[in-house]
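Single-structure report; data block below.
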Amino acid sequence: MAAPLTLLLIVAVTIRAALYRSSLADLISERVEVVSPLTAWKRVVEGLALLDLGVSPYSGDVFHETPLIIYFFHFLVDYAEITFMLADVITAVALYMTVKDYNKQVFRKQKYALEADRYPLDCLELIRSPKEMYYIPLKVAMFYLLNPFTILSCVAKSTCGLNNAVIALFILSTIKGNVLLSAVFLSLATYQSIYPLTLCAAALLYLMQRQYIPVNYRRASFWWFIAQYAFMYLGSLFVIVCLSFFLLGSWDYLPSVYGFILSVPDLTPNIGLFWYFFAEMFEHFRLFFLCVFQINVFFYTIPLSIKLKEHPVFLIFMQLAVISIFKSYPTVGDIALYLAFLPVWSHLHRFLRNIFLVSCVLLACSALFPVLWHLWIYAGSANSNFYYAITLLFNVAQILLVSDYFYAFLRREHHLTYGLYLKRKDGSEATLVLK
């Protein structure tokens, strides 16, 4: 498998290098679907210019990335293109290793269940074979590296690519069972954009499952493990925050980075749900609806964690999708990360209901984004309502996609427990309804 992966990496890097040298690079770096006020490379360059002049990059309203990012590029600004390509390669390799390890665990559990006769006889066709699972890690890496969203994000030099690399390393550390590295990378991801905090529940569930610690509130081992993970996570976050303070010499970055993410003062159009709604909002209602919108990202963590406590890897996929849909400044790079996991759930295709329609809507919306932007900003024959309408449809399609996979996953698990062909008491065929 090493040779196909190496070939894939070479092809992906070649495509990015060619686009960097083309005239499209400047055009892509200006697209509001690809960069946001948080992740735009232009703003990083302006922050670096202020830093070189001895002025705090957070003194104005231009730079909103974290101090570690600006000091990181302070030394690597001349190698920015290589850095972003390397970030994509690291993400793809981390996802490849993650899925490879996860598939081994799935096959092992499946083998034990078959030996113990836990599956009904009529659902053996749902059992996954090693042959169909063999190429899934390579498909995941391919889905990430050759996804147009990932390529556009890399060519635009959006710092979203670096965030994706950190999250991918966190997922890899969690799947490998390394508690310390999992906590460290999660704290780094949280430091970058707050929202990955919701992945903490999935990491805890997986690591406890791996160490055979039951999810039982009455067991001391359950609370002890949570306390250990929380200590490592909060300790790592404290060290990173203090390091940022020592580098910058002030706490100016806190309101400029995290206050900016949570209060959403910049209403530049993007593919998210916030900008249009708050542009039309009366000021005295703003705080209430801001809380409602921001709670969305965190609220779904509890019910999803309860429902998927036995399946934390699928929970990670769901949480990544929720973050990319409901965060305040999303870009196509955020979407590319959770789309890369779709090959992992290829065995759910027989239970998906709306996959063709949703796929067509996502493709159509992706094509219409630049068209409606041109009609609004340049031609003047449309307005913001047109652009927000396509944004809304794009996000609804994402919600339908994730909901469809959630339904398909639960249905397959139900069939593995109760059988594929359900019967009523009178012997007639039953219909499965999930409520």
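Assorted remarks:
- Only listed residue being in a helix (DSSP H, G or I), under 20 Å from the mean Cα position of the chain (by Cα) and without any contact (Cβ under 8 Å) to a residue 24 or more places away in the chain, chosen from PRO303, PRO343: PRO303
- Whether a residue is among the polar types (S, T, N, Q), at negative phi and surrounded by fewer than 16 Cβ atoms within 10 Å (Cβ to Cβ) was assessed, and SER324 does not pass this test.
- Screening ASP101, ASP117 for residues that are open to solvent by 10 Å² or more (accessible area, probe 1.4 Å) and farther than 18 Å from LEU5 by Cα leaves exactly one candidate, ASP117.
- All positions within the range 129-151 that are touching a residue at least 12 places away in the same chain (Cβ under 8 Å) and open to solvent by less than 60 Å² (accessible area, probe 1.4 Å): MET133, ILE136, PRO137, LEU138, VAL140, ALA141, TYR144, LEU145, ASN147, PHE149, THR150, ILE151
- Pairs linking a residue in the range 169-184 that is more than 17 Å from PHE225 (Cβ to Cβ) to a residue that is not in a helix (DSSP H, G or I), with Cβ atoms under 9 Å and 6 or more positions apart or on different chains, are LEU172/ASN178.
- Of THR83, THR39, THR91, THR98, all but one fail to be under 23 Å from the mean Cα position of the chain (by Cα), in a loop (DSSP other than H, G, I, E, B) and among the β-branched types (Val, Ile, Thr); the exception is THR39.
- Inclusion of ALA340 among residues that are open to solvent by less than 20 Å² (accessible area, probe 1.4 Å), at pLDDT 90 or above and out of contact with any Pro (no Cβ under 7 Å at 6 or more places or on another chain) is warranted.
- Lone unmet requirement of (1) buried (at least 18 other Cβ atoms within 10 Å of the Cβ); (2) at pLDDT below 90; (3) assigned to a loop (DSSP other than H, G, I, E, B) for SER381: (1)
- Filter pass, ILE271 being out of contact with any strand residue (DSSP E or B) (no Cβ under 8 Å at 6 or more places or on another chain), open to solvent by 50 Å² or more (accessible area, probe 1.4 Å) and not polar (S, T, N, Q): no
The values are calculated or read from the model by the stated rules, or taken from the named source; none is laboratory data. Since this is a predicted model, take the numbers as computed values, not measurements. Glycine gets a Cβ as well: all are built from the backbone with ideal geometry, and neighbour counts include every protein chain shown. Areas reflect the complete protein model, heavy atoms only, side chains present, ligands, DNA and RNA absent. Shrake-Rupley method; radii C 1.70, N 1.55, O 1.52, S 1.80 Å.
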